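Have a look at the structure below before the remarks.
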Amino acid sequence: MTGEVTNAEGVSKSSPIRVHIPQEIDVKAIRTKLGITQQEFAGRFGFSIKTLQHWEQKHRAPEGPTRAYLLVIDRDPQAVQRALGSVA
């Protein structure tokens, strides 16, 4: 590993490592899978309720680093909670 930082699209000029971050993330599906309310999801992972509602209603879409963060939440929410020091 070269120690280079890869951007949200997985592009790095000095490293062959690529990270795939989907262009679209279904935020409502992630929250529903966790079985929590919008307020709980927003509070647990540091989003505003309004932003979460805009994403779920498809009025706006999460951008680069936020998509990556949501992907980690989807794949391992407990790891995110541990890292943030939050309690389930």
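The values are calculated or read from the model by the stated rules, or taken from the named source; none is laboratory data. The structure presented is a predicted model; accordingly, all values stated were derived computationally and were not measured. Note: areas computed on protein heavy atoms with side chains; ligands, DNA, RNA excluded. Shrake-Rupley method; radii C 1.70, N 1.55, O 1.52, S 1.80 Å.
Structure notes:
- Net length gained if the chain between GLN39 and ASP76 were fully extended (0.36 nm per residue, minus Cα distance): 11.4 nm
- Extension gain from LYS58 to LEU84, taking 0.36 nm per residue of separation minus the Cα-Cα distance: 6.7 nm
- When the residues GLU24, GLU56, GLU63 are ordered by accessible surface, computed with a 1.4 Å probe over the protein chains alone, the sequence from largest down reads GLU24, GLU63, GLU56.
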